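Some notes on the structure that comes next.
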Amino acid sequence: MKEFEVFKKEFTKYQNLFGLNGYSIYFEESDCDGDNGDIAYTEDNVGVTVRFNSSHHKERPCKLIAKHEAIHLLLWDLTRHAMKRYTDRSEIDRANEMTAFKLEKLIP
């Protein structure tokens, strides 16, 4: 199976495992500015583009890159609130709580 297809399948596996099904996911094979992969969010924070650099990832397996990018998606809500200039403490607490609920299902 082509590495990009493996990357997409693995990312989707973690997306489902982490309960991140409220996003529209788009995949691209790109140079990612020299990185192994990256993730970008739309203005409405519902659309996500996940990019994979098939020519640069030789030092890391594509499955590990997919997992890494899925973790970024898991942490996005918390990051988004923390980056706002006028974030309300309750918004950060809610994002933190949602992340904790997702992680408690993953950690034995």
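So if I take the centroid of the Cα atoms in region 1-30 and the same for region 31-85, what is the distance between those two points in Å?
Region 1-30 and region 31-85 have Cα centres separated by 11 Å.
Need the full-extension length gain, residue 41 to residue 85, defined as separation in residues times 0.36 nm minus the C-alpha distance. One decimal, nm.
14.0 nm
If you take every residue apart from residue 15 with its C-beta less than 13 Å away from the C-beta of residue 15, what net charge results, scoring Lys and Arg +1 and Asp and Glu -1?
In short, +3.
What's the exposure ranking of 91, 10, going from fewest to most Cβ atoms within 10 Å?
With the fewest neighbours first, 91, 10 line up as 91, 10.
Which of 36, 53, 16 moves most in a GNM of the chain, Cα contacts under 10 Å?
Comparing 36, 53, 16 in the GNM, the peak value goes to 16.
As I understand it, the dipole of the chain uses +1 on the Cβ of Lys and Arg and -1 on the Cβ of Asp and Glu, about the Cα centre. Which of 40, 103, 20 lies farthest toward its positive end?
103
Could you work out which residue, out of 55, 90, 24, moves most in a Gaussian network model of the chain, that is, has the largest mean-square fluctuation with Cα springs under 10 Å?
Fluctuation is largest for 90.
Select one label from (i) -0.39, -0.90, -1.22; (ii) -0.79, -1.02, -1.12; (iii) -0.43, -0.90, -1.12: the one whose number is log10 I(q)/I(0) by the Debye sum over Cα atoms at q = 0.12, 0.18, 0.21 Å⁻¹ as derived from the coordinates shown.
(iii)
What does the helix-only formula give at 222 nm for the chain: each DSSP H stretch with n ≥ 4 adding -39500 (n - 2.57), the total divided by the residues, and the result rounded to the nearest 500 deg cm²/dmol?
Calculated at 222 nm, the ellipticity per residue is -16500 deg cm²/dmol.
Where a number appears in this text, it was derived from the coordinates with a stated rule and is not lab data. The model shown is predicted, which means the values in this text are computed figures rather than measured ones. Cβ atoms come from the backbone with ideal geometry, glycine included; neighbour counts cover every protein chain shown.
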